[in-house]
Amino acid sequence: MKKAIGLASRRKFLQFLAASPAVCLANQASGQNLADIYAPEAIGKASDAVNVFDFHEVVKETLQAGHYTYMAVGADDGGTVRANREGFQRLQLRIRRLADVSNIDTSVELFGERYPIPILIAPCGSHKAFHPDGELAVARAAKSRGVVQMLSTVASTGVEDVNAARGRPVWYQLYPDERWDANEALVKRVERAGCPVLVLTVDNIIRNRDALERFRRNSNPECQACHAKGSGVIPTKPMFVGLPERTGSRLFMDWDFVDRLKNTTSMKLILKGIVTAEDASLALEYGVDGVIVSNHGGRAEDSGRSTIESLPEVVDAIDGRLPIIVDGGFRRGTDIIKALAIGADAIAIGRPYLWGLGAFGQEGVETVLDILKRELEIVMRQASTTRIDEIGRDLIV
């Protein structure tokens, strides 16, 4: 009976979301075009996946409605989520012919380390909401494929355990609190764990998510069974255990905070959420070590401007002086090569690896990375480029 009630509740809620003009959930979540919607039945194992969208078909059916909604929706009516996908369609590739492309090298260098593909795993919170192994499954996938994993402040697994599973320290993403001593203690813990890079998120200060407001966790019975105080199901976020108590309010940061944070740690500091030339120039002025062009996957703002369309002005302002990573809407190898052609050093994925995680755990994440690598190699061959440093703006229109 409980299962029947749960399925009925899921169907009812997903029907509401699908019909809501404020969400348009399926397209918003996956960024699918009509051309991608040709496999309506969910795959049974990771190896059956043809593209990364196949994993989305699985998690749409299997994740708890609240967890799926948390991952899928964007700010306001989801316009920026859609824009992140649509931006790629405005860029065309100039395909070259008759070059020897028998050997393809997709490796890149970031901060003196060589990685086999220009794809990073972006920080996303609460991985155990998508799979029981959570961040540990992602860490093992990152280890097996040799990629960077960025761990969220609100991860459901502590950094020490994630580092052990990955076999080397992750990059750590910071949501700062209003209390400086809480921030400092968290940064020092991460530093002691050996993390080489601190990723400060500057784009998720205040947000408006219609779908989550309609599906309030604090009043929804299904959510309260786990999230209510005293339920004993959802533990305290492990990164906060043993540290000064946080206020729970995110800090309205300014550049002085960036300067203070940089002077507090020996880790390299990257700013995640830079989308304009002005802020890119200030990042240079304040001596940060890199930037991530990001609009938080459309979850924090509804500017309607994609990250791929924001990228050129940031690249021009940085002018090769700092590493540039970009995230937001990457689903295909063609998306990746467009970002590299504009001038990004690498890209990061969020929702696709969560789809893989939610569908098949570690194997799902690995397969998502494998598919994107395979697609990138295909389009590099089509474009007569054999190395990442051969990819330039002459490749795109």
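The values are calculated or read from the model by the stated rules, or taken from the named source; none is laboratory data. Just so we're clear, the structure is a prediction, and the values are computed from it rather than from any experiment. Note that we place each Cβ from the backbone using ideal geometry, even for glycine, and neighbour counts take in every protein chain shown.
Checking the structure you have, find out if any residue of segment 250-257 is modelled with pLDDT under 95, in contact with a Pro (Cβ under 9 Å, 6 or more places away or on another chain), of a type in the set (D, E, K, R) and surrounded by fewer than 19 Cβ atoms within 10 Å (Cβ to Cβ). Among the residues of segment 250-257, at least one is modelled with pLDDT under 95, in contact with a Pro (Cβ under 9 Å, 6 or more places away or on another chain), of a type in the set (D, E, K, R) and surrounded by fewer than 19 Cβ atoms within 10 Å (Cβ to Cβ), which makes the answer yes. For segment 238-277, which positions are without any contact (Cβ under 8 Å) to a residue 24 or more places away in the chain and closer than 24 Å to Val315 by Cα? Of everything in segment 238-277, those that are without any contact (Cβ under 8 Å) to a residue 24 or more places away in the chain and closer than 24 Å to Val315 by Cα turn out to be Asp254, Asp256. Within segment 160-181, the residues that satisfy the criterion of being buried (at least 19 other Cβ atoms within 10 Å of the Cβ) and in a helix (DSSP H, G or I) are Val162, Asn163, Ala165, Arg166.
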